[in-house]
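The values are calculated or read from the model by the stated rules, or taken from the named source; none is laboratory data. Only a predicted model underlies this, so the values are computations on that prediction, with no experimental measurement involved. Positions of Cβ are backbone-derived with ideal geometry, glycine not excepted, and every protein chain shown enters the neighbour counts. Side chains are part of the model used for accessible areas, which takes the heavy atoms of the whole protein and leaves out ligands, DNA and RNA. Shrake-Rupley method; radii C 1.70, N 1.55, O 1.52, S 1.80 Å.
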Amino acid sequence: MNEKTRIGSSGHGKGRDPIVVVHAEMSTRAGGMLSARRDTSSSPRYLKEAKTQRGEDANLSVYTDSPDLTPCFQNSLLVWVPCIYLWAALPCYLLYLKHHRRGYIILSHLSRLKTALAILLWCVSWADLFYSFHGLVQGWAPPPVFFVSPLVVGITMLLATLLIQYERLQGVQSSGVLIIFWFLCVVCAIIPFRSKILSALAEGKISDPFRFTTFYISFALLLSALIVSCFREKPPFFSPENDDPNPSPEASAGFLSRLSFGWFTGMAILGYRRPLVDQDLWSLNKEDCSHMVVQRLLKEWKRQQKQAAGPKAAAAFGKTVSGEDQVLLGHRPRSPEASFLWALLATFRSSLLISACYKLVLDLLSFVNPQLLSILIQFISNPTAPAWWGFLLAGLMFTSSMIQTLIVNQYHHGIFVYGLQFRTAITGLIYRKALVITNSVKHQSTVGEMVNLMSVDAQRFMDVAPFINMIWSTPLQIILTIYFLWQMLGPSSLAGVALLILLIPINGMVAMKMRSYQVQQMKFKDSRIKLMSEILGGIKVLKLYAWEPSFLGLVEGIRQGELRLLRKGTYLQAISNFIWVCTPFLVTLITLGVFVCVDENNVLDAEKAFVSVSLFDVLRMPLSLLSNLISNLIQASLPLPRSLSSLTLYTLVLPGYAITIHNGTFTWAQDLPPILHSLNIQILKGALVAVVGPVGCGKSSLVSALLGEMEKLEGKVSVKGSVAYVPQQAWIQNCTLQENVLFGQTMDPKRYQQALETCALLADLEVLPGGDQTEIGEKGINLSGGQRQRVSLARAVYSNADIFLLDDPLSAVDSHVARHIFDHVIGPEGVLAGKTRLLVTHGISFLPQTDFIIVLADGQVSEMGPYSALLQHDGSFANFLHNYAPDEPQEHLEDSRIVLEQTDEEELLIDDTLSNHTGLTESEPVTYEVQRQFVRQLSTMSSEGESQSRMVPWRHLSQSEKVVEAKKTGMLIQEEKAETGKVRLRVFLDYAKAVGLWTSFVICVLYVGQSAAAIGADMWLSAWTSDSMAEGRQNNTSLRLGVYATLGILQGLLVMLSAFTMAMGGVHAASLLHKALLYNKIHSPQAFFDTTPSGRILNRFSKDINVMDEILAPSILLLLRTFCSSLSTLIVITVTTPLFLVVILPLAVLYIFTQRFYVATSRQLRRLESINRSPIYSHFSETVSGTSVIRAYNRSHDFQVLSNMKVDTNQKSSYLFIVSNRWLSVRVEFVGNCVVFFAALFAVIGRSSLNPGLVGLSVSYALQVTSVLNWMIRAMSDLESNIVAVERVMEYSRTEMEAPWVVEGSRPPEGWPLHGEVEFRNYSVRYRPGLELVLKNLSLRVRGGEKVGIVGRTGAGKSSMTLALFRIVEAAEGEILVDGLNVANIGLHDLRSQLTIIPQDPILFSGTLRMNLDPFGRYSEEDIWKALELAHLHKFVSAQPAGLDFPCTEGGENLSIGQRQLVCLARALLRKSRILVLDEATAAIDLETDDLIQATIRTQFDTCTVLTIAHRLNTIMDYSRVLVLDKGVVAEFDSPTNLIAARGIFYEMARDAGLA
C-alpha cells in the first residue's frame, strides 16, 4: 500500500480532527439545566421555588466547585436520550437483520440472563409508573414527567426484551445496537446516581425512599445488562455448513472486539512469536471472495450495458455473445454511456454509502478539539474559574479523541476493504476477458502488457479507493474551517482563504504535469516489461546467437527514458511537498499578519493564535490530499481505455456433417488481409481428414478458424459436438503430468491408462522422477519437444471429445513413434476410430489410410478428395507424391509395422526426440537413477505455492537435504521462499549506498533543521501572544511578524531541499539497482532460467522495480518527517509542562510494545502477499498463451476457479495486512489520546505557573501527535515492507553468473576458426555438481568442412554435445578444441559469435523482420535480401507492404512455424560462420521446402563444418559421417554406408525409417 494511499486514509489527522461545541453552548446549558441545588424532591412547591431561582442558580452551578443538573432535566432528558436512540436505530437495524440471517441460536443461559434483566428493568419502570398513579389517587399530584418517563422507559425495555429474542432467532452473536443502548443508559444514570447521594447527605435524609430505591435497583440492573451484553453467544445452530479448516474469527467476533479489532490480536501474537506462513492465515470472509465480488461486478456491468444500449441493441447483442464475453474493461464503442467506473462504484455502493456516513461524522468531529482548546485557553487565562472546568475539558478532549479513533478506524477498514474488492473484481474481469479475447487483440498486446494491466492497473484502482470520499469531504472541511476562523478573526480570515484559493490552481498545474509524465512513464514501463518478457522467453536463443548486448542496449534505452521522466516527476513531487508544508503556514501567517496590521487595536492572544493554527492544521490534510486525489483519479482513469474486445464463438450446426465451412473467408484481425479465402469444406462425422500443403499456406489457420480463433469476414461455419485440440506447439501447464492429461476432468483409471499407453508415454513415466506425479516446469521446460507433444495428445485422447483437431502433432516425434501414434491413436484402427479427426500433417506415409485429403495452397483449397482419387486426378498433389513418396512398395510398410510391434516396445518408444534444447532431461542416459536425481536436485517445490498441502521448513536446506526432500516429490521448480524475521541491516545499507551515503546524511540533517525551524516558529508565536500590552495594543508587531515569517519560509525551503535531494538519490538508486539486476540476469546461466518461472523474474522487473522507482523514496521521507515531528512534539510538551516526563515512560513502553507486535506481523504478511502475487501472474500468462486450448476443451470455467483460488490466497494476506494496520491504529491512537489528555491535565494542574501561550502551544502540539505517532509506525512498517523489494532485487542481482563474455587477455585470432575443425578430448559433462555424467569421456574429431549427422536414442546425449560446444553447460573434465583452440579459455561471445545454430524451436522477437535477422545492424540490405532468397522467404517478404520492416509479433506468432524456421535459416546464412549446428531444424517443414533447404545448406555451407541432429534420417544419408551416441558414449562413428553394412544401431534405425 503506497504512501499516498495511506496518507489519504489515516489522514483526517486524528488528534486534530475535532467536533463543534461552542463556548456559548455551555452557558446556555448552564442557564437551562445546571443547578447548585441537590434535591430530588418531587413536591410542586419545590419546583416553583426552583423556577424563581433559576437566574441565580445558573451562576451558582457554573461558578461553583460542586456543579449539578436540575432534577427536572435529570428526570426527563437524561432518561429519554437512550430511549430515543434505540427507537431511532430500530428501523435500519431490522432491515439489516432481515438481509443478514445466519440461522438461529439455541436458548442459552446467557440469552436467558439477558432477557431476565430486560424484563426486570421493565418491571421496575412499571413500578415507578404505578407509584405515580398511586400518588395521584392519594391526592398529591406528581409532575407529568413522573408519568411520561417511566412509560417511555417501560415501553423501551419491552422493545429491548423483544429485540434480544429476535436477534437470537436471526443468529446475532453480539449486538452492537444493544451494547450502545445499555452504555448510554448507564452513562445517563451516573449523574442522578451522584445527585441523589449528595442530596441525601446534604439534607440528612432520603426525601423519596421508593424512587430512591427503584433508581438504584435499576442502575444495578442496567450495569449488569451492559456487562452481560458484552459477552457473545454461541455460533448459530443452523448456520450454513462451514467446512473451512481455518475460519476467520472476525465472523464470530463480538461487537467490542470488532470495534477495537481485538479479534486480530491472536494473529499479532503468533506473528511476533514466529514468522507467519500461508497455513496460519485465516480464510477470507465469504463476501470478499473472488467469485462473489466478480459476479457482483459482472451483474452490474451487464445492467449498465443494457441501460446504455437500449432494449433493441441489448437484444441483438445477447444473441451473439455469451454472458462473460460481454465484459469490457473500458467503454464500448456502441454504447459510450456504459461506464466501467460507474459500474464499479455501483457494485460497491452500500460500502461507499456507509463509509461516507463515517466520513461525515469524522469531519464534524475534527472541529471539536480546536473548540475545546479555545475554552481551555480561556480557562487558563481566568484564574478565578473553578478547577473542575479544566478537568472536564481534559476529559472531553480525551473522549472526543477516543470516539474519533474508533470511527476513523472503522472508516479506514471499510475503504481499504472495498479498495481490495476493487482490485479483486478487476483482476477477475481481466482474467475472464483474457479467456475470450480474439487473436487480433493478442497480436496488438503481448502477454507482458496484459500482465501489466492486471498487476499495475488493478492496483491503481485499489489505491484510488481511499480517496473517493475526499471529493465531497474536502470542500466541506474548507467551508467549516472558514466559518470558525471568521468567528475568531473576523474578515481577516478571508486573506488566508484567498491564498488557499490561489494555491489550488498551482497544485492543479503541478498535478496535471505529473499526470502527463505518468502517462509517458507507463508507456515506457509497458514496453520495458514487454521486452523483458520476450528476453526471458527467448533467453536460450540470445545466448546461442550471442545477441545479449543488443537486447541489453534496448532495455537500457527504454529504462533511460523511464528514469528521465521519473526524475522530472520526483522534482515536481518535491515542489508539491514544498507547497504542502508551506500552505498551512503561509495561510496562518497571512491571516494573522492581516489581523494585526489591519487595526492596531487587534490583539493577537493565545486563543486566537493557537485555535487558528489548530484549524489550519485540520485543513492541512484535505488540502495535501487534494493533489493526491487528482493524480490517483487520473492514474486510475488511464487503464480504462485499454479495453479488450470480445470473441465470436461459432454455434451454428448443420445436420449430417461434423464440420462445415460454407464460403468462409477468415483473417487474424479486421485490419489485416484475409488469410483463408472462399473455403467450402464439409467433413462427415467419424471421418479421418488430412490437411496438407506447403509452409504458410494456411493449414494451422484453418484449425484456428474452426476453433473460432480467427475473425470471420464472410460465410458460415459449424462445428457439431465437443472439441479436443492438439496445437502445433504443445501447451503444457506448470502442474503434474497427470493433471496435464486429465485437464480438469475426473479420473477414470482405465481411460487414463489407455491414453498413456496409446500415446507412448508409459516408458517416459518410468524415467520421470515422480512418474505421472512429476511436476512439469513452466512451458514444459523439463520435457522434450516429443514428450510435450505426446502429453498434449494424451490430453486430447482422455477428453473423449467428438471432434479432434490435430495440428501437426507428429512432426515433433521420431518416425517410428509417429507410426505408433498414428496406428494406435489417429488411424483407422486407433482409439479415436469413429471420431471425427482433422489431421494437419507433413508425413505422406499416413495419407493412404485417411478417408479424405484437403490440399491447401495460398489460403485456398486447391484439391480435395480421397487419396486414390487425388492420385488419379494427376494434379499438383499427385506430382508432389510421386516426387517424395518412398519408393518401396506398400508391403514393406506393413513389414516395418510388424517389426516395430515385435521389437522391445519400451526401448523403442522411449527413443523419441528429446533434443529441443529447452529441456534438460533429454540429454541424459536412460538410467532411471540419473534421470531421477537430475530432476530431484533441481528443487523441492513448485512456484505455484503448492505448499498449501505441505509445511515449508523455515530454514535453509543443505544440498543433501534438498535432494532427499525432492525424492519424495517430483518437483522441478523451487518454491519462492519468503525471507523471514527482520529485514537485514545489509539491505538498508545496500539501498543507502545506492542512494549515496553523503546524500543520505544530508537528507537527515535537512530534516532535523526543518523540525528546529518549525519549533522555533511556534515558540516565537507563543512568546508573541504573551507580549505585554501597552494602551490596549501589542508593541513590536512588525518584528514579531517578520521573524515568524522568516522561520516559516526557512522550514519550507529545508523541506523542499530535502525532497529534491531524496528525489535525486532515489532515482540514482533505482537506476543502479535495475542495472545490477538486468546485468546479472542477462549473464545468468541457462540452468537458472530452466528452474525459475519467468513470472517470478518478471515480478522483480515490474512490481519490485516499480516500488523502488515510485514508493521507496516517499516512504523514507514520510518516516523522517513523522519521526522529527513526534520528537519535536515530545520536546515542546516536556519543556512547557515538565510534569509530562512522568507519563512519557509508560506511554513509550506501551507504544514500543505495540509497535514490535505489529511490525513483526505486518512485515511477514507483506512478504507473503508479495510471494502469493507471483502465481497469479504466472497462471495468467500461462492462460493467455493457452487460451485456444482452454477454449477448445471448454475448460474456461475451471481455469476461472483456479484463478479465483490464487487471487483469494493473495487476498488473505492483503486483507490481514489491512486489519493489522487498523489493529495498530486503535492501540497507537489510544497512546496519542493519552498524550492529549495528560498535556491538557498537566496544563490544568500547573495553570498558576503557565501562561496561555505555552498551554496553547503544548496542547496544539499534543493534538497533532495522535496521527503523527500512527504515521510513524506505519512509515516504519511501510519502509520495512517496501525495502523487501530491494532485498528481492538484490537477491536476484547476486545469483551465480556464467563465464565472462570476453576474456581480454585470451581472445581468439582474427578470422578464427579458419578450418572449422572440432575435436572433443576425453570430454565429460554433467548438468550439476553431484549428478552423474551425461557425456562420458567423449573423444572424437570432426575435420574442417565435414558434414556429420548425430543420431541416437533418447538420452543418448545428442543435445548435450551441442550445448557443450556452445558452453551452455561447462565441462566436468576434458576439453573441446575448435581449430586447435581450447574453447574454455576464451570468452563466451568470442566463441558463440563464431558458431551458428538453427534451433529446433524457432524463436522470434517482436520487432521488425530486419531486427530479427540482424539485431546489431551489421549487414547491408542486399545481404539480407540474398539470405531471404536462399532461405525461400523472398517471395513472402517481398509480398508484404513493409518489406524488411514487416512487424513480427511476440514469439513470431504472425508467421507459421515453418516460416519461423526459415527465418532462423536466413539468420544462419547471414552469419556465414565456419561451423553450423542444425538441431531438428526441418521438423516442422513440408517435404518440398525441406528438400530446398537441404539443397541450400549443401550449396551455401559446402565449405563449412555441419553438425546435424537428425529426425529424418534421409536428410543425413549423404553426409560424410554419422555419429551414433548411446548413453553418453560414442557407439558408432563412420560413413552411413559403412554403418549400414555393419548392421549396428544405425542400421536398425535406418530400417525402421524404411531406408535400409
*Out of L544, L604, sole residue that is in contact with a strand residue (DSSP E or B) (Cβ under 7 Å, 6 or more places away or on another chain) and part of a loop (DSSP other than H, G, I, E, B)*: L604
_Among the residues of region 38-96, what is the count of those that are among the polar types (S, T, N, Q), open to solvent by less than 30 Å² (accessible area, probe 1.4 Å), at pLDDT 75 or above and assigned to a helix (DSSP H, G or I)?_
1
*Residue check for L1335: touching a helix residue (DSSP H, G or I) at 6+ places or on another chain (Cβ under 7 Å), in contact (Cβ under 8 Å) with a residue 40 or more places away in the chain and within 28 Å of A1553 (Cβ to Cβ)*: yes
*For W263, all conditions in the list (1) aromatic (F, W, Y); (2) in contact (Cβ under 8 Å) with a residue 60 or more places away in the chain; (3) within 27 Å of V408 (Cβ to Cβ); (4) part of a helix (DSSP H, G or I) hold save one; what is the number of the exception?*
(2)
*Listed residues I155, I217, I206; which is assigned to a loop (DSSP other than H, G, I, E, B), among the β-branched types (V, I, T) and surrounded by fewer than 18 Cβ atoms within 10 Å (Cβ to Cβ)?*
I206
*Only one of L1057, L1078 is modelled with pLDDT of 85 or more and either open to solvent by less than 20 Å² (accessible area, probe 1.4 Å) or not in a helix (DSSP H, G or I) (or both); which?*
L1078
*Residues satisfying the stated conditions in region 1322-1344, i.e. within 23 Å of S1535 (Cβ to Cβ) and open to solvent by 20 Å² or more (accessible area, probe 1.4 Å)*: S1339, R1341, R1343, G1344
*asked:* Could you check region 1062-1077 and list, in sequence order, the residues that are in contact with a helix residue (DSSP H, G or I) (Cβ under 6 Å, 6 or more places away or on another chain) and within 25 Å of E449 (Cα to Cα)?
replied: V1067, A1070, S1071, L1072, L1073, H1074, A1076, L1077
*Is it the case that some residue within region 1169-1181 is assigned to a helix (DSSP H, G or I), open to solvent by 20 Å² or more (accessible area, probe 1.4 Å) and among the hydrophobic types (A, V, I, L, M, F, W, C)?*
yes
_What's the total number of residues in region 274-308 that are open to solvent by 40 Å² or more (accessible area, probe 1.4 Å) and part of a helix (DSSP H, G or I)?_
12
*Of the residues I478, I501, which single one is of a type in the set (A, V, I, L, M), surrounded by fewer than 14 Cβ atoms within 10 Å (Cβ to Cβ) and assigned to a helix (DSSP H, G or I)?*
I501
_Residue list for region 1528-1556, filter: among the basic types (K, R) and part of a helix (DSSP H, G or I)_ = R1551
*Failed condition for P143, given (1) open to solvent by less than 80 Å² (accessible area, probe 1.4 Å); (2) farther than 28 Å from A251 by Cβ; (3) in a helix (DSSP H, G or I); (4) touching a residue at least 24 places away in the same chain (Cβ under 8 Å)*: (3)
_Residue satisfying condition, being open to solvent by 40 Å² or more (accessible area, probe 1.4 Å) and under 43 Å from the mean Cα position of the chain (by Cα), within set I426, I407, I403, I415_ = I403
*When region 770-805 is examined, which residues are found to be in a helix (DSSP H, G or I) and of a type in the set (D, E, K, R)?*
D772, E778, K779, R788, R790, R795
*Go through (1) open to solvent by 10 Å² or more (accessible area, probe 1.4 Å); (2) modelled with pLDDT under 80 one by one and return the number of the condition Y867 breaks.*
(2)
*asked:* Can you go through E1319, E1296 and tell me which one is outside any helix (DSSP H, G or I) and under 29 Å from the mean Cα position of the chain (by Cα)?
replied: E1296
*State all residues of region 1177-1211 that are small (G, A, S) and within 26 Å of Q421 (Cα to Cα); if no residue qualifies, say none.*
S1178, S1181, S1196, S1203
*Within the group R1121, R1163, which residue is closer than 28 Å to T1209 by Cβ, modelled with pLDDT under 85, of a type in the set (K, R) and assigned to a helix (DSSP H, G or I)?*
R1163
*If you go through region 1417-1427 one residue at a time, do you hit one that is crowded, with 23+ Cβ neighbours inside 10 Å and over 39 Å from the mean Cα position of the chain (by Cα)?*
yes
*Of all residues in region 1436-1456, which are touching a residue at least 24 places away in the same chain (Cβ under 8 Å), open to solvent by 20 Å² or more (accessible area, probe 1.4 Å) and either in a helix (DSSP H, G or I) or within 20 Å of Q1494 (Cα to Cα) (or both)?*
F1436, D1445, E1450, G1451, S1456
*Of all residues making up region 1522-1548, the number that are open to solvent by less than 40 Å² (accessible area, probe 1.4 Å) and in contact (Cβ under 8 Å) with a residue 40 or more places away in the chain*: 7
_Test: R751 is buried (at least 24 other Cβ atoms within 10 Å of the Cβ) and over 30 Å from I1350 (Cβ atoms)_ = no
